[in-house]
Each structure stands twice: as C-alpha cells, then as structure tokens.
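K.L.:
Can you keep this structure in mind? I'll have questions shortly.
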Amino acid sequence: MPTTTSPSPSPSPSPSPSDLYRHSLRLLLDKDIASWVGLWAEHGVMEFPFAPAGRPRRLEGREAVAAYMRDYPDHIDLHDFPDLLIHETTDPSTIVVEMRGVGRLVATGNPFDMTYIAVVTVQDGRFTSYRDYWNPLAVQEPGAAFTTHPTRSSAR
C-alpha cells in the first residue's frame, strides 16, 4: 500500500512593510523595547541624517540598535503616534512614513511632540534599513537626550 504524505505547511508570509511598521509603533507605545528590537534584521542599519554633533548618525546591527534604544522609556513616555501616513514606493520593500510622536519627557514632565519622516526598508519581515529624519533641535530640551547616560558614552 503506497504511503501518502501531506505537504509541509507553507511558511506564513512575512508582514508587509506597512504592517510591520504599525506593529513596531504599538511595541514602542507598550514600552516593549526588546520586542521592538526583535523586529530588526541582525545586520540592519539605522541612520539619523540630521543628528547633531555628539549624537550617533549611524547604528550598524541589531545590537547597536538595542543599545541605542535601551533607555528610551526611561526618558520619553510616548502616548500616541497621531497623523500617521505610510506611503508605498515603487520598491515594495520600502516605505516612507510621516508621523508625530507625542507624550512627555519623564525627567521634566514637559510635553514631547516630535515630527518624523522615515524611509524604511524591510526584508523577510525584518527592518534592514531605517533612515530617521527627526528634528535635532528637540534634543536640546532637558530630559530628551535618552542616548546619553552618566555611565555610558553617547558616541555609540
């Protein structure tokens, strides 16, 4: 009697870049930085083209992104990302995002309101490139410089 085997279940499709990005925002609002970092490819690159002197301009690899984001919730308490617009591009793996991040600065209690434009590329369900065009003047506000820590170097 011949044996039959069922086909292996097909792997679940990777989320679209837009869906992955929306999920990443939910993780940031939930302050789940470990899961947010888990969305990154091992060799993903995060860039800050408008970073002021003394701030990182390029982070190479998931570990560098994790180190950069480690203390984020201790400094910025995000409440929402209003005005989210995600634009698809001619490259299906790349999106352009416009949004605002609003919340409060933990150290001072002052409001936090930052406008962002990001160019994001996703491969196999992971961020591989993230260029974050944020306002460098915002880090002049006391409590906003979450990448500096008294015992850690800010040049990561």
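The values are calculated or read from the model by the stated rules, or taken from the named source; none is laboratory data. Keep in mind the model is a prediction, meaning the values are calculated, not measured. Neighbour counts are summed over all protein chains in view; Cβ atoms, including those assigned to glycine, are modelled from backbone coordinates with ideal geometry. Surface accessibility is based on the protein's heavy atoms, side chains included, excluding ligands, DNA and RNA. Shrake-Rupley method; radii C 1.70, N 1.55, O 1.52, S 1.80 Å.
K.L.:
Among the residues of the range 99-125, how many are open to solvent by 70 Å² or more (accessible area, probe 1.4 Å) and either closer than 24 Å to residue 40 by Cβ or at pLDDT below 65 (or both)? Explain how you work it out, then say what you get.
P.N.:
Narrowing the range 99-125 to residues open to solvent by 70 Å² or more (accessible area, probe 1.4 Å): 104, 107, 111, 113, 115, 117, 123-124.
Keeping just the survivors that are either closer than 24 Å to residue 40 by Cβ or at pLDDT below 65 (or both) gives 115, 117, 123-124.
Of the residues in the range 99-125, 4 are open to solvent by 70 Å² or more (accessible area, probe 1.4 Å) and either closer than 24 Å to residue 40 by Cβ or at pLDDT below 65 (or both).
K.L.:
Quick check on my filter: what residues within the range 102-116 are assigned to a loop (DSSP other than H, G, I, E, B) and in contact (Cβ under 8 Å) with a residue 24 or more places away in the chain?
P.N.:
Keep residues of the range 102-116 that are assigned to a loop (DSSP other than H, G, I, E, B), which gives 106-110.
Matches in the range 102-116: 106, 107, 108, 110.
Results for (1) open to solvent by less than 70 Å² (accessible area, probe 1.4 Å); (2) modelled with pLDDT under 95; (3) farther than 27 Å from residue 137 by Cβ, shown as yes or no for each residue.
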{"position": "10", "(1), (2), (3)": "no, yes, yes"}
{"position": "13", "(1), (2), (3)": "no, yes, yes"}
{"position": "17", "(1), (2), (3)": "yes, no, yes"}
{"position": "26", "(1), (2), (3)": "no, no, yes"}
{"position": "29", "(1), (2), (3)": "yes, no, no"}
{"position": "53", "(1), (2), (3)": "no, yes, no"}
{"position": "61", "(1), (2), (3)": "yes, no, yes"}
{"position": "71", "(1), (2), (3)": "yes, yes, no"}
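K.L.:
Pairs needed: first member in the range 7-36, farther than 14 Å from residue 78 by Cα and among the charged types (D, E, K, R); second member anywhere, open to solvent by less than 50 Å² (accessible area, probe 1.4 Å) and modelled with pLDDT of 95 or more; C-beta distance under 9 Å; at least 6 residues apart or different chains.
P.N.:
22/86
K.L.:
While we're on this one: Residue 83 fails exactly one of the following numbered conditions: (1) of a type outside the set (Ser, Thr, Tyr); (2) at positive phi; (3) modelled with pLDDT of 95 or more. What is the number of that condition?
P.N.:
For residue 83, the failing item is (3).
K.L.:
All but one of (1) more than 19 Å from residue 124 (Cβ to Cβ); (2) out of contact with any helix residue (DSSP H, G or I) (no Cβ under 9 Å at 6 or more places or on another chain); (3) among the hydrophobic types (A, V, I, L, M, F, W, C) hold for residue 78; which doesn't?
P.N.:
That leaves (2) as the condition not met.
K.L.:
Report yes if some residue within the range 126-137 is in a strand (DSSP E or B), surrounded by 16 or more Cβ atoms within 10 Å (Cβ to Cβ) and among the β-branched types (Val, Ile, Thr); otherwise report no.
P.N.:
Within the range 126-137 (the criterion being in a strand (DSSP E or B), surrounded by 16 or more Cβ atoms within 10 Å (Cβ to Cβ) and among the β-branched types (Val, Ile, Thr)), the answer is yes, since at least one residue qualifies.
K.L.:
Hey, can you tell me all the residues within the range 116-135 that are acidic (Asp, Glu) and at negative phi? Full working, then the answer.
P.N.:
The first filter runs over the range 116-135 and keeps only residues acidic (Asp, Glu), leaving 124, 132.
Passing the criteria: only 132.
K.L.:
Exactly one condition in (1) modelled with pLDDT of 95 or more; (2) within 13 Å of residue 72 (Cβ to Cβ) is not met by residue 96; state its number.
P.N.:
(2)
K.L.:
Among the residues of the range 93-101, is any assigned to a loop (DSSP other than H, G, I, E, B) and not charged (D, E, K, R)? Show your work before the answer.
P.N.:
Kept after step one, since they are assigned to a loop (DSSP other than H, G, I, E, B), are these residues of the range 93-101: 93.
Among the residues that remain, those that are also not charged (D, E, K, R) are: 93.
Yes, that holds for at least one residue.
K.L.:
I'd like to check something: does the range 36-47 contain any residue that is over 12 Å from the mean Cα position of the chain (by Cα) and part of a loop (DSSP other than H, G, I, E, B)?
P.N.:
no
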